[in-house]
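Please read the structure below before turning to the comments.
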């Protein structure tokens, strides 16, 4: 089959998006390929189509567990077998999954990067028939990248053991980062031979608007009322997310909030409600949005600036994936810049503080010197901070740097799925009096879907189990809970926890290598990214799209004509004409309605539009 025939058969599309065909052809030719596509450019098709055209399976490395689960589910719905291995799975579950991948009819094996270095995974390498090594979010392997992850360095070592071409994908790679990716993923790092394919980052339908303001609530309400369709509002602070969502709801907007502090079920329900359109505006931290392919998002508002243009560009790019006019609005003021500077200092605590946290972490878990290697700790950050009278943010960044310097692995948001074991013997199960008749199809679905569940505690897929036994998710929880009270099953509900994995035995004070040169390197990178963000905010003379494209290495650009800078160049008479037209259509409009019209990004009026309105009033024209 041709790539087009594969695309049509499995995905139902008649043609490829820009650059997809070139990436697929490069991979099928056996070339190592780095694909740099903007957010929403269809990265998954670039490795899924060639994988379906080759024997064996594609080994896909990705750090995003939610995205991993979504892609596995989407592939299985198309009749394509896919398996995921990630944090939160027991050794037995990982062994079973890898065995199924090696000896079953599996086309895609998704693996989180920390699994690559484990002896269990390595033991399966010789029997996994790998067609392509796929590296998603490839910027994570670059120390120049804004989201460098030490576990990604395992991929470079893995590359030497696999005779399969690499397909590396990212949406946010500066030229510096792109070069580093190719070096780290090449068999011969001194002579990297990657085919680097970069799609144009222009988004002609996306208008970038930057507004310096202090009344952010008013601006946000004007945008929500002026721009129809779904929206996302990004904030840093969880509590502030809840407050802004409440503010919008109080003004009649359909809004909810989403952050990592919510339980798995709440997050899933809110995400699905937003995707269906039951919730119009999602107010969230950056925990929301990864892997969500909702094409009709009409606006993305940043309540405050991001700490890098990479993360801003990726989040803003979630608007307008259907090609229709959409808006990326960034609100800022002087206090935000001061806060970003303060956050930079918080993100890099002193090395002496980091070493102190290293020792306290071991003391907290009662680990003595020269022990602890390989242990996984269920870490309670709040209890830790309370015991040692520390700030949560300081501890978070200290642990992050201990991870960067290869002492620990730290997952602050690990999900543990619901686990069930049937305690009653099979022959006695049907003689047991159950208080609810719905328990019978549930038990049958458990035995049918999870062989071994009468011998082991097994992780279950709640959504699939609920469908199989004809129950809703809340009903399923109640039935499982009641069965556990009857002692028919052992039931451990889904949970979230912070995990710390110790790479080596506890070291004595003064013997901890915190790599001061790397510390200085990483801080310098963070400072340069912050300066680029400050420049973007304050440069009101150059097209916003041009500024972003140049940052990502695209020099040949044109003014977009729709950003706030381009629009501010429009002659005053065009603004006057728009205001006069509004006045004739709304003769009874009050000043708040005029302000909303002026502030609506869809109308493309300059920041001084309200002043021009006042001059029209003075002239007696309105």
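Here's the yes/no breakdown for (1) crowded, with 17+ Cβ neighbours inside 10 Å; (2) modelled with pLDDT of 90 or more; (3) under 24 Å from the mean Cα position of the chain (by Cα); (4) under 24 Å from residue 496 (Cβ atoms):
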residue	(1), (2), (3), (4)
83	yes, yes, yes, yes
100	no, yes, no, no
117	no, no, yes, no
129	no, yes, no, no
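If the condition is being within 25 Å of the chain's Cα centre (by Cα) and part of a helix (DSSP H, G or I), then region 1-50 contributes 11, 20, 23, 24, 43, 44, 45, 46, 47, 48, 49, 50.
When the residues of region 493-503 are filtered to those that are modelled with pLDDT under 90 and part of a strand (DSSP E or B), which remaining residue is farthest from residue 113 (Cα to Cα)? Selected residue: 495. When 379, 353 are screened for being outside the structural domain of residue 306 (by TED's automatic domain parsing) and in contact with a helix residue (DSSP H, G or I) (Cβ under 7 Å, 6 or more places away or on another chain), only 353 passes. Just one of the listed residues (274, 303) is more than 17 Å from the chain's Cα centre (by Cα), surrounded by 16 or more Cβ atoms within 10 Å (Cβ to Cβ) and at pLDDT 90 or above, and it is 303. Take residue 327 and decide whether it is in contact (Cβ under 8 Å) with a residue 12 or more places away in the chain, in the same structural domain as residue 232 (by TED's automatic domain parsing), under 13 Å from the mean Cα position of the chain (by Cα) and not in a loop (DSSP other than H, G, I, E, B). Taking the combined requirement at face value, the residue does not satisfy it. So which residues in region 236-267 are over 20 Å from residue 313 (Cα atoms) and in contact (Cβ under 8 Å) with a residue 60 or more places away in the chain, if there are any at all? Those that are over 20 Å from residue 313 (Cα atoms) and in contact (Cβ under 8 Å) with a residue 60 or more places away in the chain: 240, 260, 263, 264, 265. The residue list 313, 353 contains one member that is within 30 Å of residue 244 (Cα to Cα) and part of a helix (DSSP H, G or I), which is 313.
Residues in region 168-179 that are touching a residue at least 24 places away in the same chain (Cβ under 8 Å) and over 10 Å from residue 138 (Cα atoms): 174, 175, 176. Of all residues in region 308-325, those being touching a strand residue (DSSP E or B) at 6+ places or on another chain (Cβ under 9 Å) and more than 21 Å from residue 144 (Cβ to Cβ) number 8. Where strands (runs of 3 or more DSSP E) sit wholly within region 186-287, those with at least 1 residues that are touching a helix residue (DSSP H, G or I) at 6+ places or on another chain (Cβ under 7 Å) and under 20 Å from residue 328 (Cβ atoms) occupy 206-212, 230-234, 255-258, 281-284. Within the option set 563, 543, being within 30 Å of the chain's Cα centre (by Cα), on the phi < 0 side of the Ramachandran plot and assigned by TED's automatic domain parsing to the domain that holds residue 225 holds for one residue only, 543. Of the set (1) surrounded by fewer than 20 Cβ atoms within 10 Å (Cβ to Cβ); (2) at pLDDT 95 or above; (3) under 30 Å from residue 565 (Cα atoms), all apply to residue 328 but (1). What about residue 480, is it in contact (Cβ under 8 Å) with a residue 12 or more places away in the chain and under 30 Å from residue 374 (Cβ atoms)? Here the answer is no, as residue 480 does not meet what is asked. Can you name every residue in region 563-620 that is surrounded by 12 or more Cβ atoms within 10 Å (Cβ to Cβ) and part of a loop (DSSP other than H, G, I, E, B)? Across region 563-620, the qualifying residues are 563, 570, 586, 589, 600, 604, 605, 606, 607, 608.
The values are calculated or read from the model by the stated rules, or taken from the named source; none is laboratory data. Note that the structure is predicted; figures quoted are calculated from it, not measured. Cβ sites come from the backbone with ideal geometry, for glycine too, and all protein chains shown count toward neighbours.
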